[in-house]
Amino acid sequence: MRFHPAVALAYVGLLVLVALLFSHPLRLAALAVVVGAGLAATGALRSWWGSLKLLWPAALLIVVLNPLVVREGATVLWHGPRLPLLGHVGVSLEALVFGLVMVLRLLLLTGAFFIYQRLVEPDDLLALVGRTLPRAGVMLALATRLVPTTAATYREVGLAQAARGVDFRGGGRMARLKHHLLLIKGLLLSSLERALDLAEAMQARAFGSGPRTAFVTHIWRPRDTAALVALAVALMLLLADLRAWSFNFYPRLDPLLAPGWWLPTLVVAGALLTPPLLELGWRRWPWLRSKI
Amino acid sequence: MALVTIENLSYWYPGAARPALDGVNLVLREGEFVLVVGGSGSGKSTLLRLLAGLLGDFYGGKLSGRATFMGRNLLELDRRQVARHVGLVFQDPERQLVMTRVDREVAFGPENLGLPPDEIRRRVAEALELVGLASLAEATVSELSGGQQQKVALAGVLAMHPRLLLLDEPTSQLDPVAAEEILHTVRRLNEEAGLTVVLVEHRLERCFHVADRVVALEAGQIVADGAVRDAARVLARDGDAYLPPVARLFARLGWDVLPTSVREGRRLLAARLDGAIPVAADGHVSSGESGRANAPGRKVGTTAQAGLPMAREIMRRRLARPTEGDALLSARGVWFAYENGREALKGVDLAVRPREILMVLGPSGSGKSTLLKILAGQLDPGRGRVLLAGLPMSGLELRERVRLVGYVGQHPDHYLLQETLEEELRFTLRNLGLEDGGRIADTLEALGLTACREANPRDLSSGERQRAAVATVLVAEPRVLILDEPTRGMDYALKTRLSALLLDLSRKKGGAVVVATHDVEFAAATADRVVLLADGRVVAQDATRNVLDGNLFYSPQINRLLHGYAPGVVKLEEALALLRAIVNEAEAGAPRGGA
């Protein structure tokens, strides 16, 4: 997606804000549609889906554990036995719904994170902060590059040591610990050497020799204005009706379907869908591309 | 006009007893293309760092003597002034790139110089156009090939508009085609923009002919400095380690004129064998003793064709190697895809036999490293099988596998984590449950590392570290040794030594060796068979001389020199034998009156 990074940041920021601040299940479900569309439009759906492999144990834990330990719900679905430390356990409808909403929120936040990854390059962020905080920006770019490089070095050191008979899976716990410490030593040594090389290369290119300027490549297009207007509309609607977006779970669930709930939800969801839709149109519809 | 003047300059790294540069005197004139040659540790890289103003500022240490840049004291210029005029491209693209996107990476230097954004935009566009990467301006740096990344590094330096461009082995990690592209770009900048270039490079066959001048360093001192031909003659007198193969061949033949490129060599050869008048140092024809061999009336075809069958027969007998026994290690229909879906190998079949050296060549990203990791059992193939002495590799336990198949990857440093070299080797033995029984001493001896036994491996020179990494797997005496790009950054002497070691391993100890390399000259000199990979597929697999014969890039200089005269000749020794036989025969058969 080729939005101006400021618009991209505003879009992702708003998604995170809504996911964090509000808890109305149906409204969050509407937001899930928006995030899904965002993931699809940015091509991040697959990698987000892949991340669920790591997330589902945490999600399961929330869904199972929350009803068991929270006793504030009034609609008890199951009375369990008395357990040491926990006392009487039971499952209430409210605690169950709360757990499910928490999981939905987790999925929304990870989704927003993946969209952010696709939309905002670290260099873009650097360009945005470059004028005021140039060093912080470069550090951010370096740190971003460091993550995959460090992971690759870790793998390579592991392979090199395995080629000398180091068995990272076999042996006792102490042996495994020793081998992993060795791996970390290798990683540290390589990282230090790489850092020195990079520092030398940066110095040769005048880094730190005086005030920097920033290279700006971003173009503000009509679609940036359209997306920003849509985001502003969504934000205003949210702020105008803050209470409707909140939801009380305990002791009893608030009514899900308050009168007229759907209209503002639909408008906010529609506004938040604008950036992914613009992207889709931009890619699929040459006429629209030429106009926005 | 002198751009740089260095007078009696010596430099000691912090804590070093011996100077890295020792009484250097050098004048670089505007617009020159200077090639700096020398062995590992001879001071080449230190010289570049001096010119880039990094010695005092970045490294510290002690410096004596004088260096001026455009008449001003180089050692007192502030960093921004030096960086504005002098650009340095390093060996490893991955270790010099800062940003994640191509155009931003190129803009990094101009941003540091505080240039206005409009000016930066113009320079970035121009620099990317110059290196041919304009279409990849918004690409992610880490997704580019090694050659493209090196071009980005070059563009990043060019965008700073330097007057002096320094290149520290810029092609050592690149395949022949990518290396040629980089050097071509640099040459064009030198010719069309008048940029002064100082290039440090070990792969002399790639760059000797593009330079105007050669400076040779040894132990921090300049031992030869002059126009390419003059320097070549001096270097030939002092042993021919710093000559490209084509010049080395003519030097060993004892001919007066030393060509520096294949084109020149072929011209000389044609003139000499054609019965024409011999060619003088400046390329013009002149009279001389070689006129005897090329008496009027003798045509090249006649001479060459008369000489060839005999010489070829000698070579054939000398070089024919029995392909004995069954394969020691083989891959059958091996496929491999990475998690991102990229298919790195597509149905690879190959086998290496005892007493055989097999080299895997191919462009970056063709699947060489993946293939080697699979052959070493470090990766499991998605489909297909790897067999070790006829048995599936997958059935072996880690220890058994490592005892039988030794693998050294592209980064020797990843192998060296102990306090001393001896401890490194002992560590391998301990892991594999083996006793020393003299193995450590023997391995260190075989690799010429006995003196480094007590040294910390990380303190060794790059060539020594490469050998130390090999020692850590060789100490287990594996039947198969697998090496990934072992000649990176190695000079000719080190490569000759490595070649001898591999030959010793295969011939005397009956082991098999598999090497992935970009170094066509090394492969030609050492390999029995060559596998050429392209896009994950084997496109050629045959005896070295069959695969490396008649290609534009994947042929050694000697082969390109003799193309059309003697097909299939890929080794210097073969060419020497052949040309001596031809010349002797021509001289013997020449009419006496021709003298």
Can you spot a residue in segment A:193-207 that is more than 21 Å from residue B:168 (Cα to Cα) and either outside the structural domain of residue A:267 (by TED's automatic domain parsing) or not hydrophobic (A, V, I, L, M, F, W, C) (or both)?
-> no
Qualifying positions in segment B:156-171 - crowded, with 22+ Cβ neighbours inside 10 Å and more than 14 Å from chain A (Cβ to nearest Cβ) = B:171
Quick check, is residue A:142 out of contact with any Lys or Arg (no Cβ under 6 Å at 6 or more places or on another chain), more than 7 Å from chain B (Cβ to nearest Cβ) and over 30 Å from residue B:474 (Cα atoms)?
-> no
Every pair of residues 6+ apart whose Cβ atoms lie under 7 Å, when the first sits in segment B:77-102 and is more than 8 Å from chain A (Cβ to nearest Cβ) while the second is surrounded by fewer than 24 Cβ atoms within 10 Å (Cβ to Cβ) and aromatic (Phe, Trp, Tyr) = B:77/B:69; B:85/B:69
Scan the helices (runs of 4 or more DSSP H) fully inside segment B:341-437 and keep the ones with 2 or more residues being closer than 30 Å to residue B:454 by Cα and at pLDDT 90 or above.
-> B:398-404, B:421-431
Has segment A:172-188 got any residue that is at pLDDT below 90, closer than 30 Å to residue B:398 by Cα, touching a Leu at 6+ places or on another chain (Cβ under 6 Å) and not in a helix (DSSP H, G or I)?
-> no
With the condition kept exactly as written, say whether any residue in segment A:256-279 is within 14 Å of chain B (Cβ to nearest Cβ) and touching a residue at least 12 places away in the same chain (Cβ under 8 Å).
-> no
Among A:226, A:230, A:195, A:201, the single one that is part of a helix (DSSP H, G or I) and facing chain B (nearest Cβ under 7 Å) is A:201
Output the number of residues of segment A:61-94 satisfying the condition of being in contact with a strand residue (DSSP E or B) (Cβ under 9 Å, 6 or more places away or on another chain), closer than 18 Å to residue A:25 by Cβ and in a helix (DSSP H, G or I).
-> 2
Go through the residues of segment A:165-185 one by one and say whether even a single one is surrounded by fewer than 18 Cβ atoms within 10 Å (Cβ to Cβ), facing chain B (nearest Cβ under 7 Å), free of Cβ contacts under 8 Å to residues at least 12 places away in the same chain and not small (Gly, Ala, Ser).
-> yes
What are the residue pairs meeting all of these: first residue in segment B:248-271, first residue farther than 19 Å from residue B:574 by Cα, second residue modelled with pLDDT of 90 or more and surrounded by fewer than 24 Cβ atoms within 10 Å (Cβ to Cβ), Cβ atoms under 8 Å, and 6 or more apart or on different chains?
-> B:260/B:228
Test residue B:143 against the criterion of being out of contact with any Lys or Arg (no Cβ under 8 Å at 6 or more places or on another chain) and more than 8 Å from chain A (Cβ to nearest Cβ), and give yes or no.
-> yes
Over segment B:126-143, the set of residues more than 17 Å from residue B:184 (Cβ to Cβ) and crowded, with 20+ Cβ neighbours inside 10 Å is B:141
What are the pairs, 6+ residues apart or on separate chains, where a residue within segment B:448-470 that is assigned to a helix (DSSP H, G or I) has its Cβ under 7 Å from a residue that is among the charged types (D, E, K, R)?
-> B:452/B:464; B:457/B:424; B:457/B:465; B:465/B:413; B:468/B:424
Going by the conditions given, is residue B:123 in a helix (DSSP H, G or I), surrounded by fewer than 20 Cβ atoms within 10 Å (Cβ to Cβ) and not acidic (Asp, Glu)?
-> no
Give segment B:504-533 a look and list any residue that's in contact with a strand residue (DSSP E or B) (Cβ under 8 Å, 6 or more places away or on another chain) and assigned to a loop (DSSP other than H, G, I, E, B), or say none.
-> B:511, B:517, B:518, B:527, B:528
Just one of the numbered conditions (1) more than 30 Å from residue A:202 (Cα to Cα); (2) in contact (Cβ under 8 Å) with a residue 40 or more places away in the chain is not true of residue A:60; which one?
-> (2)
Every residue from segment B:130-140 that is among the hydrophobic types (A, V, I, L, M, F, W, C) and away from every other protein chain (no Cβ under 12 Å) = B:130, B:131, B:133, B:134, B:136
Within segment B:202-237, the residues that are surrounded by fewer than 23 Cβ atoms within 10 Å (Cβ to Cβ) and among the acidic types (Asp, Glu) are B:212, B:218, B:225, B:230
Is it true that some residue in segment B:389-397 is touching a helix residue (DSSP H, G or I) at 6+ places or on another chain (Cβ under 9 Å), at the interface with chain A (Cβ under 8 Å from one of its Cβ atoms), within 24 Å of residue B:485 (Cβ to Cβ) and not charged (D, E, K, R)?
-> no
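Yes/no matrix, rows are residues, columns are (1) within 30 Å of residue A:112 (Cα to Cα); (2) in contact (Cβ under 8 Å) with a residue 60 or more places away in the chain; (3) not assigned by TED's automatic domain parsing to the domain that holds residue A:247:
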{"site": "A:37", "(1), (2), (3)": "yes, yes, no"}
{"site": "A:65", "(1), (2), (3)": "yes, no, no"}
{"site": "A:76", "(1), (2), (3)": "no, no, no"}
{"site": "A:83", "(1), (2), (3)": "no, no, no"}
{"site": "A:90", "(1), (2), (3)": "no, no, no"}
{"site": "A:93", "(1), (2), (3)": "yes, yes, no"}
Among the residues of segment B:515-567, which ones are of a type in the set (Lys, Arg) and under 22 Å from residue B:334 (Cβ atoms)?
-> B:529, B:537
Enumeration of residues in segment B:103-124 that are more than 8 Å from every other protein chain (Cβ to nearest Cβ) and in contact (Cβ under 8 Å) with a residue 12 or more places away in the chain = B:105, B:106, B:123
Given the conditions (1) more than 9 Å from every other protein chain (Cβ to nearest Cβ); (2) in contact with a helix residue (DSSP H, G or I) (Cβ under 9 Å, 6 or more places away or on another chain); (3) surrounded by fewer than 21 Cβ atoms within 10 Å (Cβ to Cβ), report the number of the one that residue B:381 does not fulfil.
-> (3)
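The values are calculated or read from the model by the stated rules, or taken from the named source; none is laboratory data. Everything quoted here is computed from the prediction, not taken from an experiment. Please note: Cβ atoms are built from the backbone with ideal geometry, for glycine as well, and neighbour counts cover all protein chains shown.
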